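Here the structure is laid out as structure tokens; the discussion comes afterwards.
The values are calculated or read from the model by the stated rules, or taken from the named source; none is laboratory data. Note that the structure is predicted; figures quoted are calculated from it, not measured. When we count neighbours, we look across all protein chains shown, and the Cβ atoms used for this are built from the backbone with ideal geometry, even at glycine. Areas reflect the complete protein model, heavy atoms only, side chains present, ligands, DNA and RNA absent. Shrake-Rupley method; radii C 1.70, N 1.55, O 1.52, S 1.80 Å.
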Amino acid sequence: MKAVLLDGFGGIEVLKVGEAARPVPAEGQVLVKVVATSINRPDLVQREGKYPPPPGDSEILGLEVSGTIEDLGPGVSGWQVGDRVMSLVGGGGYAEYAVAYASHLMRIPESMSFEEAACVCESYITAFLNVFMIGGLKDGNTTILHGGGGGVNTAALQLCKALVPATKMIVTAHPSKMERVKGLGADLVIDYTQTPDFSEVVKEFTGKKGVDVILDHVGAKYLAPNMNSLGYAGRLVIIGVISGIKAELNLALMMVKRQQIIGSVLRSRPVKDKGEIVAEFTRTALPKFADRTIVPIIEKVFTLDQVVDAHRMMEEDKHFGKIVLKIS
Ligand SMILES: NC(=O)c1ccc[n+]([C@@H]2O[C@H](COP(=O)([O-])OP(=O)(O)OC[C@H]3O[C@@H](n4cnc5c(N)ncnc54)[C@H](OP(=O)(O)O)[C@@H]3O)[C@@H](O)[C@H]2O)c1
């Protein structure tokens with residue numbers, strides 16, 4: 001099968017389109033004929049050699065797929081060859097065929113295209129898991145969502161708007177993307193290039209109360225402003241560390257305010273855990289995609305042969321929402 005391969009680790013120049021062996025579905029898995037996948041920031045980190053796939057998963061890049069079921073592995077029931085599906089995969093999305101666990105599959109609603117479906121699993125499930133299942137955001141709460149135009153962040157904004165509409169959303173964003181972030185329903189947008197310490201603005205906006213949940217992928221640089229922005233019993237959920245991994249923490253303040261810091265990764269979770277997360281997402285969030293309350297935001301669709309351009313676009317932070325890679 002045709003697939004994107006890595007010629008060593010490094011910049012976009014290591015991405016090569018070539019031939020790889022078609023995977024065989026194991027117990028509980030299906031073979032998906034991939035129509036589309038999307039680019040996620042962790043793919044760039046894996047390409048650089050800093051984010052290896054979990055043991056047993058494909059070395060090929062790609063954390064999600066949309067397509068049709070081509071074959072069923074042993075022990076799979078409830079699915080048929082030809083079904084339109086989207087799924088999280090531990091790796092292998094940038095290829096004509098990928099294996100996925102049957103428990104991680106979601107049926108693509110009739111109203112949704114394969115390109116849109118290719119955007120749902122990694123970004124929206126990451127946002128859903130961390131903002132709601134782990135962060136415990138409730139309607140009427142206040143939240144900070146960092147990284148205005150990113151895939152996970154735009155997903156978080158759309159999910160909050162659809163599922164907890166009375167929630168106040170504070171978003172940090174690049175100035176070029178602030179207007180569009182506002183258009184997605186953010187109540188306050190902060191220019192992160194001008195205001196690296198956003199805590200004073202947050203205090204003013206919340207009447208000194210602070211926020212209930214923060215979704216953060218910036219890491220070290222934002223630890224202090226995040227903790228200063230968090231209210232009593234607030235939860236800081238860290239899903240990335242783009243600015244560094246070490247920072248100082250005021251433990252006394254954290255203790256007195258009963259705050260929690262929670263680290264979270266989706267990819268390396270056990271298969272069963274991911275199945276439970278997918279089931280909860282299917283029950284709670286998927287109906288909002290089916291009725292088009294939530295429509296994935298696609299910046300651009302590239303073909304498999306244009307994978308270098310797709311990675312370049314993300315590397316240069318030129319996108320708003322998702323970048324799709326059309327496979328077939
Ligand atoms: N733990 C997990 O399970 C998990 C799963 C998926 C992704 N992630 C992590 O989540 C992050 C986002 O992934 P993605 O696929 O959505 O990538 P993405 O589309 O490239 O989004 C990243 C965004 O980060 C924003 N950003 C850059 N510097 C910032 C700063 N100083 N303050 C606030 N925002 C800043 C940019 O926002 P603007 O657009 O406004 O410039 C950019 O769009 C990555 O760090 C990724 O590794 C974690």
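Identify, among Tyr192, Gln259, Tyr97, the residue whose Cα sits farthest towards the positive end of the charge dipole of the chain, taking +1 on the Cβ of Lys and Arg and -1 on the Cβ of Asp and Glu, with the dipole about the Cα centre.
Gln259
May I ask for the percentage of alpha-carbon pairs in the stretch 1-128 that lie more than 18 Å from each other?
49 percent
Among DSSP beta bridges whose residues both lie in the chain, state the antiparallel percentage, nearest 5.
Bridges in the chain are about 55 percent antiparallel.
Taking the stretch 241-328, which GluC sites (Glu not before Pro) meet the DSSP loop condition and have no more than 11 other C-beta atoms within 10 Å?
Of the GluC sites (Glu not before Pro), the ones in loops of the stretch 241-328 whose Cβ has at most 11 other Cβ atoms within 10 Å are Glu248, Glu316.
Per residue, how much accessible area does the chain have with a 1.4 Å probe, in Å²?
I get 43 Å² per residue for the chain.
Which of the aspartates and glutamates could be linked to Lys209 by a straight reach, that is with a Cα gap under 13 Å, when you skip same-chain ones fewer than 8 residues away?
Qualifying aspartates and glutamates at Cα under 13 Å: Glu200.
Give the cross-link partners of Lys182 among the aspartates and glutamates, using a straight C-alpha distance below 13 Å as the criterion and excluding same-chain residues fewer than 8 apart.
Qualifying aspartates and glutamates at Cα under 13 Å: Asp191.
Among the aspartates and glutamates, select those whose C-alpha is under 13 Å from the C-alpha of Lys272, and discard any that sit fewer than 8 residues away in the same chain.
Of all the aspartates and glutamates, those that pass the test against Lys272 - Cα under 13 Å, at least 8 places apart if same chain - are Glu280.
Would you mind checking the tilt of helix 271-284 against the longest principal axis of the Cα atoms of the chain, expressed as 0 to 90 degrees and rounded to 10?
The helix 271-284 is inclined about 70 degrees to the chain.
Give me the number: length gained by fully extending Lys209 to Val295, i.e. 0.36 nm times residue separation minus the C-alpha to C-alpha distance, one decimal in nm.
27.7 nm
If R0 is 41 Å, what FRET efficiency do you get for Val271 and Thr195 from their C-beta distance, rounded to 0.05?
For Val271 and Thr195, the calculated efficiency is 0.50.
Give me the number: length gained by fully extending Tyr51 to Arg283, i.e. 0.36 nm times residue separation minus the C-alpha to C-alpha distance, one decimal in nm.
In short, 80.5 nm is gained.
Inverting the mean 1/r over all pairs of different Cα atoms, compute the Kirkwood radius of the stretch 109-166 and quote it in Å.
After inverting the pairwise mean of 1/r, the radius is 12.0 Å.
With a 1.4 Å probe and every protein chain kept in, tell me what percent of the accessible surface of the stretch 119-247 is carbon plus sulfur.
55 percent
Cα atoms only, the stretch 124-263: Rg and Dmax in Å?
13.5, 39
So between Lys2 and Arg312, what do we pick up on full extension, going 0.36 nm a residue minus the alpha carbon distance?
109.5 nm
What residues of the stretch 95-121 lie in the reach of a label at Asp83, counting those whose backbone N is under 13 Å from a point 7 Å from the Cα along Cα→Cβ?
What the label zone holds, given the 13 Å backbone N cut-off, is 100-109.
So for each of 206-217, 263-274 I average, over its residues, the number of other beta carbons within 10 Å; can you give me the resulting order with the highest mean first?
Top of the packing list down: 206-217, 263-274.
So if I take the alpha carbon set of the chain, get Rg, then get Rh from the Kirkwood formula, what is the Rg over Rh ratio?
Reported Rg/Rh, Kirkwood definition of Rh: 0.97.
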